[in-house]
Amino acid sequence: MIIHQLEAVSLTADDVAMISDGQFAVDLFYQIKFLRVSEYLNESADFFLFLQRFPYLEKLHMVSCNLKELSPYEGDVSEERDVVMMLPRINMLTLQGVDEMTHLGEQGYPLHHICANLKTLGVYQCDSLINLSCASSYFRNLTTSDVWDCKEMVGLITSSKAQCLEWLIKLRIRDCEIMREVIVSNGDESTHHEIIFRKLKCLELYCLQNLKSFCSKNITLKFPSLDEVTVTNCPTMENFCGGALSTTKLQMVQQMGRPWAGDLNASIEQLNTQGW
């Protein structure tokens, strides 16, 4: 079997244990670019030691794992620094059914290093995740974010962290049944009067039964590149934002397959009169 040219691999918890125990050559997985790990229930930081074997990893997909907050390494300071520096830097992270995780992790966590160049983030069926609370650096290069069926998510991101989404091109949120707004307050609006989504072109909101607003606070939102908005089955949505809104390129809002012409303010007003 030729394995040195393999670029994608799917592993279970038993596979991870065997590899971590040194049952395979150290350089066997050096060329792997896509790694899928399923049913890994060990809540220790051993997972990050395991990831050192994939120095050229680009995409990480975790399914039904129990890493609560993708925990920090529990060694001494110098040892922790060595572990972190040897970790790969991925550009795509997908979390599916990671039910015990309440947030992604703050600065200083190993995941903070892994996600420093993150471009695509998918979060699916993570039932304990409240929002995408994590280090701001996770978002600095992010271009695509897709969130689906996170039952406890009341908001996507805080207003201060939203400042870092300058490179975001596409945002899609689906079936988060208790989400009330996308950008939530964290008490710092007095210092952040304006949020500019410079690159966002596509915004899709689907089946958000309790969504009231994209952002209810008195914050100016600017979308200079936005040209596609889809809002489907958001029956309680009252307005798009509580502050000023600028959408210089937007010509159409799509709702339930029916288009509305005009700028976003006019479209929102029209949609409200007909019901979301």
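Applying a threshold of 9 Å to beta carbon distances and a minimum spacing of six or more residues, or different chains, the list of pairs starting in segment 218-241 at a residue that is touching a residue at least 24 places away in the same chain (Cβ under 8 Å) and closer than 23 Å to GLU194 by Cβ and ending at one that is loosely packed, with under 15 Cβ neighbours inside 10 Å and small (Gly, Ala, Ser) reads ASN218/ALA244; ILE219/ALA244; THR220/ALA244; LEU221/ALA244; LYS222/ALA244. Taken over segment 145-168, the criterion of being of a type in the set (Val, Ile, Thr) and crowded, with 16+ Cβ neighbours inside 10 Å is satisfied by VAL147, ILE157, THR158.
Just for strands (runs of 3 or more DSSP E) wholly inside segment 142-191: which have at least 1 residues that are among the hydroxyl-bearing types (Ser, Thr, Tyr)? Spell out the reasoning first.
On the way: elements: 144-148, 155-158, 170-174, 181-184.
Because the criterion is at least 1 residues that are among the hydroxyl-bearing types (Ser, Thr, Tyr), the strands (runs of 3 or more DSSP E) in segment 142-191 that meet it are 144-148, 155-158.
Within segment 4-25, which residues are over 11 Å from ARG36 (Cβ atoms), outside any loop (DSSP other than H, G, I, E, B) and not acidic (Asp, Glu)?
Once the filter is applied, which keeps residues that are over 11 Å from ARG36 (Cβ atoms), outside any loop (DSSP other than H, G, I, E, B) and not acidic (Asp, Glu), segment 4-25 yields ALA13, VAL16, ALA17, MET18, ILE19, SER20.
Considering each residue of segment 89-103 in turn, none proves to be at pLDDT 80 or above, surrounded by 22 or more Cβ atoms within 10 Å (Cβ to Cβ), of a type outside the set (A, V, I, L, M) and in contact with a helix residue (DSSP H, G or I) (Cβ under 9 Å, 6 or more places away or on another chain). The set of residues in segment 121-147 being of a type outside the set (Gly, Ala, Ser), closer than 14 Å to GLN96 by Cβ and under 10 Å from the mean Cα position of the chain (by Cα) consists of LEU121, VAL123, TYR124, ASP146, VAL147. Taken together, the residues in segment 56-88 that are among the hydrophobic types (A, V, I, L, M, F, W, C), touching a Pro at 6+ places or on another chain (Cβ under 7 Å) and modelled with pLDDT of 70 or more amount to 2. Say whether the condition of being in contact with a strand residue (DSSP E or B) (Cβ under 9 Å, 6 or more places away or on another chain), at pLDDT 80 or above and polar (S, T, N, Q) is met by at least one residue in segment 24-39. Among the residues of segment 24-39, at least one is in contact with a strand residue (DSSP E or B) (Cβ under 9 Å, 6 or more places away or on another chain), at pLDDT 80 or above and polar (S, T, N, Q), which makes the answer yes.
If only one of ILE157, ILE178, ILE130 is in contact with an Asp or Glu (Cβ under 9 Å, 6 or more places away or on another chain), modelled with pLDDT of 90 or more and not charged (D, E, K, R), which one is it?
ILE178
I'd like to verify a number: residues in segment 192-212 that are part of a strand (DSSP E or B), of a type in the set (D, E, K, R) and under 19 Å from VAL253 (Cβ atoms), how many? First the steps, then the outcome.
Of segment 192-212, the ones part of a strand (DSSP E or B) are 194-196, 202-206.
Keeping just the survivors that are of a type in the set (D, E, K, R) gives 194, 204.
Within this subset, residues satisfying the condition of being under 19 Å from VAL253 (Cβ atoms) are 204.
Adding up the residues that qualify gives 1.
The values are calculated or read from the model by the stated rules, or taken from the named source; none is laboratory data. From a predicted model like this one, the values you see are computed outputs, not experimental measurements. Glycine gets a Cβ as well: all are built from the backbone with ideal geometry, and neighbour counts include every protein chain shown.
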